[in-house]
Amino acid sequence: MVSVAGAPGAERVGGRWSDRVQTVKRADADLPAVMLVRPDGYVAWASDNPTPAGIEAAVTGWCGVAAFAPR
């Protein structure tokens, strides 16, 4: 899965779930602020007003428990 970074808390996902999630900057301002994209290209979750807790809940729901401790 790929998490499109662009909101507070999104950068923590890359560290905690780095074995399963890659964070990248969004290339298009018309896209939601943060998206979780499945390997097949479908959007699993997106938000224009994400919170760190919301991002972590979405990633946990789709990717399971983080492999690494929070930074």
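The values are calculated or read from the model by the stated rules, or taken from the named source; none is laboratory data. No experiment lies behind these values; they were computed from the predicted model shown. In this analysis, Cβ positions are derived from the backbone assuming ideal geometry, glycine residues included, and neighbour counts consider all displayed protein chains. Just the protein is used for accessible areas: all its heavy atoms, side chains included, with ligands, DNA and RNA removed. Shrake-Rupley method; radii C 1.70, N 1.55, O 1.52, S 1.80 Å.
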#### Entry: R38-A69 FRET efficiency (beta carbon distance; Förster radius 30 Å; 0.05 resolution)
0.70
### Task
Give the relative contact order (percent, whole number) for the chain; include only Cα pairs under 8 Å separated by 6+ residues.
38 percent
### Query
Carbon-plus-sulfur fraction of the accessible area of the chain, 1.4 Å probe, in percent?
55 percent
### Rounded accessible area per residue of the chain, 1.4 Å, Å²
59 Å²
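Tell me the mean residue ellipticity at 222 nm calculated for the chain from its helices only (DSSP H runs of n ≥ 4, each -39500 (n - 2.57), averaged over every residue, nearest 500). Before the final figure, lay out the partial values.
On the way: 2 runs with 19 residues, N = 71.
Calculated from helices alone, the mean residue ellipticity at 222 nm is -7500 deg cm²/dmol.
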## Note on the structure
Checking rank on 53-60, 25-32, with mean other Cβ inside 10 Å and highest first, the result is 53-60, 25-32
